[in-house]
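Undergrad: Quick one: the structure is below, questions incoming.
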Amino acid sequence: MRILIVEDEAAVARQIAAALTEDGHEPKTVNNGEAALEEASRTPFDLIVLDIRLPGIDGFEVLRRLRRQHLAARVLLLTARGAVDDRVTGLQLGADDYLPKPFAMRELVARVRALGRRYPEEPVMSLRVADLTFDLGTHDVHRGTQRIELSPRELMLLKVLMREPGRVFTRTELCEKVWEHAHEYDTKLVEVFIGRLRKKLSDPPLIHTIRHVGYTIYSPKLSSRH
């Protein structure tokens, strides 16, 4: 993939670029938000590795402007460990994944590979399952013509499910994707949020429990497959 690395720590940027080059990608590095926006408008990147803490225009503003311009690059945020609000904000603004600093380089490479496998085609700006739509730019959710109000955590959970309809996520997987620290969640909390989502999304149900495994989302017409 063609990857833009936006990181103001030169040593970290070099390490990321070297690891991604070794993995077969084509990275380019810039060290501030202004340069990132200029590069992204000039070159179609498949993925942007974006540090939140940047001089001048920070990563949030870069991401906000990218999505406003409907640039379809996937975005992997680099966040400070423990900064849960940063992760929530980033995902609400349209980031595809996040990685807390400090991180092992092999984990970053694995996240990049996963994003490449998950979205082999040009990423879309909205998700759809049956008559349920999720606008990734505005984070508006509609069931048919009815707008559904969701909390940030409910949005994150729904986004994870809708990214891969039909895939069964274990409760632990959903915990790890929606909550940063193990002490902040347990699998019972996932059940609570799944229950809230089901109630808000109404009928016919789209989120299904796979006994002894976890949860998945799919159109009712596909129910015979499960």
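The values are calculated or read from the model by the stated rules, or taken from the named source; none is laboratory data. Since this is a predicted model, take the numbers as computed values, not measurements. Using ideal geometry, Cβ is built from the backbone for each residue, glycine included, and neighbour counts are taken over all protein chains shown. For the accessible areas, the whole protein counts, side chains as well, though only heavy atoms, and no ligand, DNA or RNA atoms are used. Shrake-Rupley method; radii C 1.70, N 1.55, O 1.52, S 1.80 Å.
Undergrad: Can you tell me which of (1) among the β-branched types (Val, Ile, Thr); (2) touching a strand residue (DSSP E or B) at 6+ places or on another chain (Cβ under 7 Å); (3) surrounded by fewer than 16 Cβ atoms within 10 Å (Cβ to Cβ) is the one Val84 doesn't meet?
TA: (2)
Undergrad: Cβ contacts < 6 Å: first residue small (Gly, Ala, Ser), restricted to the range 2-29; second residue surrounded by fewer than 18 Cβ atoms within 10 Å (Cβ to Cβ), any location; separation 6+ or different chain. Result?
TA: Ala19/Met105; Ala19/Val109
Undergrad: For the range 116-136, which residues satisfy the criterion of being surrounded by 13 or more Cβ atoms within 10 Å (Cβ to Cβ), modelled with pLDDT under 85 and of a type outside the set (Ser, Thr, Tyr)?
TA: Gly116, Arg118, Pro123, Met125, Leu136
Undergrad: A further question follows. Which of the following residues is on the phi < 0 side of the Ramachandran plot and crowded, with 21+ Cβ neighbours inside 10 Å: Ala18, Ala13, Ala36?
TA: On the way: Ala18 fails: crowded, with 21+ Cβ neighbours inside 10 Å; Ala13 fails: crowded, with 21+ Cβ neighbours inside 10 Å.
When all the criteria are applied, what remains is Ala36.
Undergrad: Looking at the structure I just gave you, is Lys200 open to solvent by 50 Å² or more (accessible area, probe 1.4 Å), farther than 30 Å from Gln69 by Cβ, modelled with pLDDT under 95 and over 14 Å from the mean Cα position of the chain (by Cα)? Explain how you work it out, then say what you get.
TA: On the way: open to solvent by 50 Å² or more (accessible area, probe 1.4 Å): yes; farther than 30 Å from Gln69 by Cβ: yes; modelled with pLDDT under 95: no; over 14 Å from the mean Cα position of the chain (by Cα): yes.
Against the criterion (open to solvent by 50 Å² or more (accessible area, probe 1.4 Å), farther than 30 Å from Gln69 by Cβ, modelled with pLDDT under 95 and over 14 Å from the mean Cα position of the chain (by Cα)), Lys200 does not qualify.
Undergrad: Moving on to the next point. Every residue in the range 47-73 that is open to solvent by 10 Å² or more (accessible area, probe 1.4 Å), without any contact (Cβ under 8 Å) to a residue 60 or more places away in the chain and of a type outside the set (S, T, N, Q), please.
TA: In the first step, residues of the range 47-73 are kept if they are open to solvent by 10 Å² or more (accessible area, probe 1.4 Å); the result is 53-58, 60-61, 64-65, 67-73.
Next, only the ones that are without any contact (Cβ under 8 Å) to a residue 60 or more places away in the chain stay: 53-58, 60-61, 64-65, 69, 71-72.
Across the range 47-73, the qualifying residues are Arg53, Leu54, Pro55, Gly56, Ile57, Asp58, Phe60, Glu61, Arg64, Arg65, Leu71, Ala72.
Undergrad: Taking the residues in the range 217-226 that are touching a His at 6+ places or on another chain (Cβ under 8 Å) and assigned to a loop (DSSP other than H, G, I, E, B) as candidates, determine which candidate is modelled with the highest pLDDT.
TA: Filtering the range 217-226 down to residues touching a His at 6+ places or on another chain (Cβ under 8 Å) leaves 217-218, 223, 226.
Now drop any that are not assigned to a loop (DSSP other than H, G, I, E, B), which leaves 218, 226.
Details: Tyr218: 92, His226: 43.
Within the range 217-226, the match that is modelled with the highest pLDDT is Tyr218.
Undergrad: Sticking with this structure for a sec: Just to check your reading of the model, which residue among Ala36, Ala72 is of a type in the set (A, V, I, L, M) and touching a Pro at 6+ places or on another chain (Cβ under 6 Å)? Spell out how you get there, then give the answer.
TA: Values: Ala36 fails: touching a Pro at 6+ places or on another chain (Cβ under 6 Å).
None of the others qualify; the one that does is Ala72.
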